[in-house]
Amino acid sequence: MNLSCVIVDDEYLAIRVLEEYARQKGDLTIKATFIKSQEALEFLQSNKVDLLFLDIQMPQLDGFELLKQLPEPPMVIFTTARHDYAVKAFELEVLDYLVKPIPFDRFEKALKRAEEYSQFKNAVIINEKPVDYLMIKADYRIHKIQLDQIEYIEGLGEYIKIHTPEKIYITLLALKDLIEHLPSEQFIRIHKSYIIPVSRILSYSRNEVKLIKGKDLPVGRAYKDAFIERLKG
């Protein structure tokens, strides 16, 4: 599978390393490279690519801010010399986090993850706007899940867990992609890690939701206002 990518890093050497790794793999097409993050932002706002290798520490516009300014970002792999940005990076639901100097085998692993995600994310939701069910790939099979059977959906980085009374389904997909395919009148995102059916809410506060069957889930700070406003309506 061939993926297109953009590399953004304010160090020429770091770009050259990734270019050489891409050349060795042979199934990654580099559309452009940038040492200036603002120029990269302008390119990405008008050009579609599959994958973005993005440095974090850059002058003027760092990797976090660049990513936040992309309304529909591609898959993102952060590349950085710092270990301590990992938690913040994964809160943005990036695909992977590579620490410099990047070994080739670690680059290969990240690229394989990107290829798998690209293949699966288009197959997970078969119906563009499902009426009463989802079709997902899990355990090497296609499963039909009725929406009214979903108790809640949990995000685990690039994976999700769909909890139903009978089974928990794990598949390769991000919550931010899934929520776009769920009926907005039936589901609401309450946290960076949780989507819930409105019909299963037993009680709630600004900090917590209790679901039918007694499951308690936190309400994320960034989602509180929209969540409370939605239930008031």
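The values are calculated or read from the model by the stated rules, or taken from the named source; none is laboratory data. Every value quoted in this text rests on a predicted model; they were computed, and no experiment measured them. Here Cβ is always computed from backbone atoms with ideal geometry, including for glycine, and neighbour counts include all displayed protein chains.
Computed values, structure above
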item	result
Single match in E72, E93 (criterion: surrounded by 15 or more Cβ atoms within 10 Å (Cβ to Cβ), out of contact with any strand residue (DSSP E or B) (no Cβ under 7 Å at 6 or more places or on another chain), assigned by TED's automatic domain parsing to the domain that holds F43 and charged (D, E, K, R))	E93
Residue selected from the range 11-36 under the condition among the acidic types (D, E) and either in a helix (DSSP H, G or I) or over 16 Å from L98 (Cβ atoms) (or both), by the criterion nearest to the chain's Cα centre (by Cα)	D27
Scope the range 199-221; condition closer than 26 Å to L92 by Cβ and among the aliphatic types (A, V, I, L, M); matching residues	V209, L217, V219
Search result, residues across the range 50-98 that are under 17 Å from A22 (Cα atoms) and of a type outside the set (F, W, Y)	D50, L51, L52, L54, D55, M75, V76, I77, T79, D96, L98
Residue list for the range 155-175, restricted to those being more than 14 Å from Y117 (Cα to Cα) and either assigned by TED's automatic domain parsing to the domain that holds A114 or within 11 Å of the chain's Cα centre (by Cα) (or both)	G155
Tally, over the range 130-153, of residues that are surrounded by 18 or more Cβ atoms within 10 Å (Cβ to Cβ) and modelled with pLDDT of 90 or more	3
Residue that is surrounded by the most Cβ atoms within 10 Å (Cβ to Cβ) [pool: residues in the range 42-61 that are at pLDDT 95 or above and charged (D, E, K, R)]	D55
Listing of strands (runs of 3 or more DSSP E) fully contained in the range 168-222 that carry 2 or more residues being farther than 15 Å from D148 by Cα	168-172, 187-191, 201-204, 208-211, 216-218
Residue within the range 68-91 that is modelled with pLDDT under 95, acidic (D, E) and not in a loop (DSSP other than H, G, I, E, B) present	yes
Test: residue in the range 18-41 that is more than 21 Å from D105 (Cα to Cα), among the basic types (K, R), out of contact with any Cys (no Cβ under 9 Å at 6 or more places or on another chain) and at pLDDT below 95	no
